[in-house]
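None of the figures in this text is laboratory data; all of them are computed from the coordinates on show. Model, not experiment: these values are computed from the prediction. Positions of Cβ are generated from backbone atoms using ideal geometry, with glycine treated the same way; all protein chains shown enter the neighbour counts.
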Amino acid sequence: MQDIGQGDSESISYRPGRSLFAGLLVLLALAAASLGFLLWYVPTVGLRNIHPALPWLLGAVTLVLSLAVFGGGAIILNAALRGRVPFYSRWLRWLIMRFYLPVMSIAGALLKMPRIKVEQAFIKLNNQMVRMMARGLRPRRLLILMPHCIQFDNCRIKVTRNVRNCAGCGKCEIGELVTLSDEFGVNLFISTGGTVARRKVQEERPDAVIAVACERDLASGLQDAYPLPVLAIVNERPRGYCMETGVAVKDVRQAVIDLAGSPPGL
Ligand code: SF4
């Protein structure tokens, strides 16, 4: 029988101490009290009476914040309507990764737009930015991540530990992907799930990832992996989700070329 005290970390429920709760409550109370005091004090006394430069400082901060909010809003609106971004910058990528999806999801829900459409637009924008930022990478620093459901259902060969076990019979795309990985010298991994895929990324620490999955998994995976560049390719689902899915190998090949150039000898 397993000793509860020796169980792994996942079996132990996290119980924050009373002192932590008390500390957080005190902090929250102090923050609320400070805010309340400022809301009363500033209009009562007046900024100029506190310091002559404060009205200008507050004006400058408000102006910068307004420009950031409106500029960001305009870029997000442009991205949503036209499906492309005008330029690449770290700031823009952060904005798209951290704000686009939540904001567009809410807007999409209000407009009764299917979530998958928002995710597809998000993936398209992400890919566009990744292609702008990640070029000329070394092939061996790339990782191609495939979902396990791409494997032919009746294949008894275990490819999740070692993809080289594949016999290349042609009943699913894994054989072709192994050939592609040899041709370019890129790392290929077949993952049984999101947790395993994340662990693989942490272990390998690649410069970029080419990931194949459904829109929902890609959208959440892209956000989890940020700031790591991930080129996302939506899978084919002739039999529905998670069952003998497929991928256009030419799209994976093009993704490798976009990030690392043509294979040696071409
Ligand atoms: S290509 Fe490889 S993984 Fe796919 S069915 Fe054939 S042996 Fe199995």
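Taking the Cβ of A255 as the centre, find all other residues whose Cβ is under 13 Å away and add up their charges (Lys, Arg: +1; Asp, Glu: -1).
Around A255, the surrounding residues sum to +2.
Measure of size requested: the Rg and Dmax of region 136-260, with Cα atoms as the atom set and Å as the unit; please supply both.
13.3, 39
Can you list residues whose amide H is under 5 Å from I233's amide H, if they're 5+ apart or on another chain and H is modeled 1.01 Å from N?
It is A211, V212, A213, by chain and number.
Sorted from largest to smallest, which semi-axis lengths in Å does the alpha carbon gyration tensor of the chain give for its equivalent ellipsoid, taking the root of 5 times each eigenvalue?
Values: eigenvalues 404, 149, 63 Å².
Ellipsoid half-lengths, sorted descending, are 45, 27, 18 Å.
Out of residues 5 or more away from N187 or on other chains, whose amide H comes under 5 Å of its own, with H placed 1.01 Å from N in the peptide plane?
Amide H neighbours of N187, under 5 Å, 5+ apart: L142, I144.
What is the sum of charges around D207, taking Lys and Arg as +1, Asp and Glu as -1, for the other residues whose C-beta is under 13 Å from the C-beta of D207?
On the way: positive: R135, R138, R140, R141, R205; negative: E204.
My count for the surroundings of D207 gives +4.
Please report the antiparallel percentage of DSSP beta bridges with both residues in the chain, rounded to the nearest 5.
On the way: 1 of 15 bridges.
That works out to approximately 5 percent antiparallel.
Per the helix-only calculation at 222 nm, which mean residue ellipticity applies to the chain, given -39500 (n - 2.57) for every DSSP H run of n ≥ 4 and division by its residues, nearest 500 deg cm²/dmol?
Numbers: 10 runs with 141 residues, N = 266.
Calculated from helices alone, the mean residue ellipticity at 222 nm is -17000 deg cm²/dmol.
Regarding region 51-127, what are the three Cα extents along the principal axes, ordered largest first, in Å?
Projected onto the principal axes, the Cα atoms of region 51-127 cover 53, 28, 17 Å.
Starting from the Cα-Cα distance between L111 and Y88, subtract it from 0.36 nm times their residue separation and give me the gain in nm to one decimal.
Length gained, L111 through Y88: 5.4 nm.
Residues with beta-carbon under 12 Å from that of I190, excluding I190: net charge, scoring Lys, Arg +1 and Asp, Glu -1? Let's see the in-between values first.
Numbers: positive: K158, R161, R164, K200; negative: E173.
With Lys, Arg at +1 and Asp, Glu at -1, the neighbours total +3.
Karplus couplings for region 237-247 from phi (6.51 cos²θ - 1.76 cosθ + 1.60, θ = phi - 60°), rounded to Hz, Gly and Pro as x?
Rounded to whole hertz, the list is 9, x, 10, x, 5, 6, 9, 6, 6, x, 8.
May I ask for the distance between the Cα centers of region 60-121 and region 194-226, given as a whole number of Å?
22 Å
Subtract the Cα-Cα distance of D224 and I257 from 0.36 nm times their separation in residues, and report this length gain in nm to one decimal.
Working: separation 33, 0.36 × 33 = 11.88 nm, distance 2.44 nm.
My answer for the length gained is 9.4 nm.
Kyte-Doolittle cut-off -0.5, length cut-off 30 Å along the helix's own axis using Cα: show which whole DSSP H helices in the chain pass.
Details: long enough: 18-45 (39 Å, 1.79); 54-82 (41 Å, 1.73).
Sorted by number, the helices that extend far enough and score high enough are 18-45, 54-82.
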